[in-house]
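Visitor: One structure, pasted below without further comment.
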Amino acid sequence: EDEDEDEDEDEDGDEGVEGDEDIEADIKAHEDMMKTLKESDPEFFKHLQQNDRSLLDFEAGQVEDDVDAMAEAVATGALNGHQKDSSPGDGKGAGDDFITELSFTSMAANVKNKPTLNGVKRIVKVFAAACHFGGFESDSTAPRLSSITIADANAFNAVITNSLIHVQSFFQPLLSAAEEEEKKKTNAREKKSKQKKSPGKKPNGSSDTSTTIAFDRTKMSYAFMSSLPKWKKWGPVARVFVKSHTNFLSKLVDKTMIRYVLAHLSKLRPLYAALPSKMAEKTLKILLKLWATNQNDDVSIDAFVEIRGLVVAVGDAKPEVLEACLKQSYLAYIQTAQFTTPRTLPRVKFLADCIAQLYALDPFTGYRYAFVYIRQLAIHLRNALVSRKSPTEGKKEGGKGDGKDGRGGGGKTKQQKKSSHGKKGKSKGGDDSAAYYAGVYNWRFINGLRAWASLLAREASSSNESTEFQPLIYPFVQISLGVIALHPTVRFWPLRLTVARFVHQVAHRTQVYVPLANPLMSLIESPEMSKKTTPSSSRPPDWKGLLRVGVGVVTTRQFQEESVRRALGLLAEHLNSYAYSAAFPELADPIAARLRRTAKGPSRPPSLRKQASALAAVLRDSAKYLRARRAAAGATPIGLVQSGKSLVSTFDEKPASPLGRYVDTLIRAEQERERSDAQVASNQKDSKKKVKDKKKSKRKRSIEVENADVEEVADSARRLDGREKRRKVKEGEVEVDGEEEDDEEDEDDEDIIEEFDLGDFEEDDESDD
C-alpha cells in the first residue's frame, strides 16, 4: 500500500510537471507563430499592435480559462440563448481573436505537430465559432462566442477544413492514452489465459513476459476512454468539438459541403464512444434525415455509411444507441415510402435494403423490433378482415324476423337502402379511401412488407448461419397471403402480384415451401380473362409504382396481356425454386393440369392460351426429368427429402431441367424489355426537351421581331410627326411666340423648333406691333 501511494504521488508530480511543460511549450509556440506572422504579413501584425495588443502579449492561462469556461457552459447548457455582447472599447470581445486564413493555418500546423491541451482548446474555440458563423441572430441555441471574429470566407474555409482533417491529430494524446491502456489490458488477459492453460514458471523462477500480443486499432472500443485520468481535462473539449460539428451538419444545405463533412465524420467515432449516448443519438437523427429525405443519392449513401459505422462503433457499449437507430430508421423509411411513384421506386428499394442491413447488425435486438413492426402489420390486416362484411352474413341478418306479420325483422328501411346504394356507387366510382381495405392497400403497408421481405431473404436464407430471424418467416408469409386474398378484384392485380413477388423472394432464398401457386392460378383463371376486350390506343400502364388501375383500363387488351405475362412468369419462377426437389413432380402435375384446362378455354385470350400451354409443357418435361433422376438415385421421395439431399449439386450451376432453362429465357427477355423501355423513355425525354427548346427559341425570335417592329413603327411615327410640324411652321399655321414658351411641349418638338431660325418671325412680330 505504501508503494502504491508513492507511485500515485509520483504520477501526480509527473502530471504537474507535464502541465508546466505544456504551458511553456504553448508560450514558445505562440511566440514563434507571432514572429512568422510579422515576417509574412507585416500589415496585419501592425494592425494587431494598434488594435489588439492583448493577442501579442500572450498570457499562458488566458486561452485555457476562456475555453474551460466555454466547455463548462456548453456542458451545462449555459450557452443556449443570446448573451450580451461586450463593447469594443472595454478590451474584450471581438478584438481578442481575429482569425484569418494564414493565422489559423499556422496555428493548426503547430498544434498538429505538437498537440497540447491549451492549443487544442484554442482550435476548438475557433471551430465552434466558425460552426455558428453568421447564425447568431437567427439561431437562438447558438453559443455567443463574441470574442472570435472570422475575417472572411477564406478564413472560414481554413478553419473548417483544417479542423476536420486534423481532428485525430489534435486529440492524439487522449487517443494514445486509451490505446496504451487497451494494450495493457489485452496483454494481461492473454497472459492470464496462458497461465491457466499451462501453470508454472521458467526454471529460473521468472515468468515469461517477452510475448507481446498484436494490437488492432480498428477493432478497439474507445468507450472506456471516459474513465481515463486525461479525460477529465480533455473530455469537455471533445464534447464542445462534437457538439459544434453536429450543429454545423444540421444547418448544411449544399450537397457538396454535406458530403465533405460526412467524409470526416468517421474520425469522431472514438469520441462518440466515450461521450454520453445522447450526443450520438442526436447525430443519428440528423444522419437518418439526410439518408431518408435528401434527394441526392450520393448524400443518402454517404449518410447510411456513417450511420452504420457510428452504430458499430458505439452500439456495443451503448445499446440504447442501436435501439434508437433501429426504431427511428424504420419510421423514417415508412414516412418516406408512403408516396411511391415509378421515379421514386428505386430509392424506396434502396432504403428497404438499408433497413435490412441495420437490423442485421445485432440479430437479437433486430428480431425484437422486427417482431413488433410485423405484428403491427398483422393488426392492420386483422382490423380490415373484421370490418369486412361477407354477403352471407347480410342475408342471414336480413332473413331474421319474428314471423308474426310475414315480414322479416331484418328488412332494410328506406334510409338503409339509400345508404347501401350510396356505398355501392362509391366503391364503383373508385374512391376507396373509406373502404375496409384502405388501411392495408396503401404504400405504407406494402413498403413495410418490402422491408421485411428484404430482411428475411438476406438474414434467414438457407446459406446464412444465423437463425434468429427464421421464426419471422411464418407470420410474414401469413400476412402476405392474407393481403393477396383480402380484396380479390382485378383492379388490384398490380398490388397482389407485388406482394406475391415478396413471398417468392423469401421462399426462394430460405428454401421454405410456400403455397403461392394457388393465388397465382386464381389470377390466371379469373372470369375477367374471359370478357371481351375493348380497343384502346393508349400505352399500357407502368406496373412499377402502381397498386391499382382504373375501371376503364381493366378491360383493355394491353392490361390483360401484361397481367397474364407477369402472373405466368412469377408462377414459373416460384416453381423453379423447387425444381430440383425430389417432390417436384407431385407439386407440378396438378398445376400443369390446371394450365392445360385454361389453355383449352375458347373464351380465353390467345396470348393467355399460348403462354399457359407453353408453361404446362415445360412443367410436364421437368417432372419427367426429375422422375428419371429420382429413379436413378434409388430412393423414395420422402427418403431424399429427409436426408436433405438435392438431385443436383448446387443451384448456381447451369440449370439442367427444362423449367430452369425456361425461366432463364423469361428473365433475359424481361431484362431486355426493361432496357428497351428505359431507352424509349430516355428518347422521349430528349425529344420533349428538344421540342421545348425549339418552342422557346421560336418564342424568343418572335418576341425579338415584335420588339423590332414596334421600335420601327415608333421611329416612323416620330419622323412623320416631325415632318408635319415642320410643314405647319413653314406654312404659318403654327404661331411661335418668342417671349412665351410652352412647358407642355415634348423634347422632340423643342429640338425640331430649334433647327429653324426664328429671327424672321421676331422681325415680323415687331413690325406688327
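The values are calculated or read from the model by the stated rules, or taken from the named source; none is laboratory data. All values derive from a computational prediction rather than experimental measurement. Every residue, glycine as well, gets a Cβ built from its backbone with ideal geometry; the counts of neighbours run over all protein chains shown. These accessible areas exclude ligands, DNA and RNA; they are computed on the full protein's heavy atoms, side chains included. Shrake-Rupley method; radii C 1.70, N 1.55, O 1.52, S 1.80 Å.
Visitor: At q = 0.27, 0.33 Å⁻¹, work out log10 I(q)/I(0) for region 310-359 with the Debye formula, treating every Cα as an identical point scatterer and leaving solvent out; two decimals please.
Guide: Relative scattering, expressed as log10 I(q)/I(0), comes to -0.97, -1.20.
Visitor: Among 623-633, 506-516, what's the highest-first ranking by average C-beta atoms within 10 angstrom per residue?
Guide: Ranking, from highest mean packing down: 506-516, 623-633.
Visitor: How much length is gained if the chain between I286 and R539 is pulled fully straight, taking 0.36 nm per residue apart and subtracting their Cα-Cα distance, in nm to one decimal?
Guide: Gain on stretching I286 to R539: 86.8 nm.
Visitor: Related question: Shape call for region 505-621 from the C-alpha gyration tensor, a ≥ b ≥ c root eigenvalues: rounded (a/c under 1.5), prolate (a/b greater than b/c) or oblate?
Guide: In terms of gyration-tensor shape, oblate.
Visitor: In a Debye calculation with equal point scatterers on the alpha-carbon sites of region 661-720 and no solvent, what is log10 I(q)/I(0) at q = 0.19 Å⁻¹?
Guide: -0.79
Visitor: OK, next. Give the dimensionless ratio obtained when the Cα radius of gyration of region 470-558 is divided by 2.2 N^0.38 Å.
Guide: After normalising by residue count via 2.2 N^0.38 Å, the value is 1.24.
Visitor: Work out, in µm²/s and without decimals, the Stokes-Einstein translational diffusion coefficient of region 556-615 at 10 °C, 1.306 mPa s, Rh from Kirkwood over C-alpha pairs.
Guide: 129
Visitor: Could I ask something else about it? Between L385 and S169, what length in nm is gained on full extension when 0.36 nm per residue of separation is reduced by their alpha carbon distance?
Guide: Taking L385 through S169 to full extension adds about 71.6 nm, to one decimal.
Visitor: Right, something else. Of the heavy-atom accessible surface of region 274-314 (probe 1.4 angstrom), what whole percent is carbon and sulfur?
Guide: The computed percentage sits at 55.
Visitor: Remind me, relative contact order of region 475-575 in percent, using alpha carbon pairs under 8 angstrom and six or more residues apart?
Guide: Across region 475-575, relative contact order equals 36 percent.
Visitor: Sticking to Cα atoms, compute the Rg of region 273-363 to one decimal and its Dmax as the biggest Cα-Cα distance, whole number, in Å.
Guide: 12.9, 44
Visitor: Which peptide among 306-313, 224-231 comes first, and what is the full order, when sorted by highest mean count of other Cβ atoms within 10 Å?
Guide: 306-313, 224-231
Visitor: Let me ask something else about it. A 22 angstrom limit on the alpha carbon distance is what I want to check against. Which of K125/K285; K185/K243; K267/K327; K114/K267 exceed it?
Guide: Pairs exceeding 22 Å: K125/K285; K185/K243; K267/K327.
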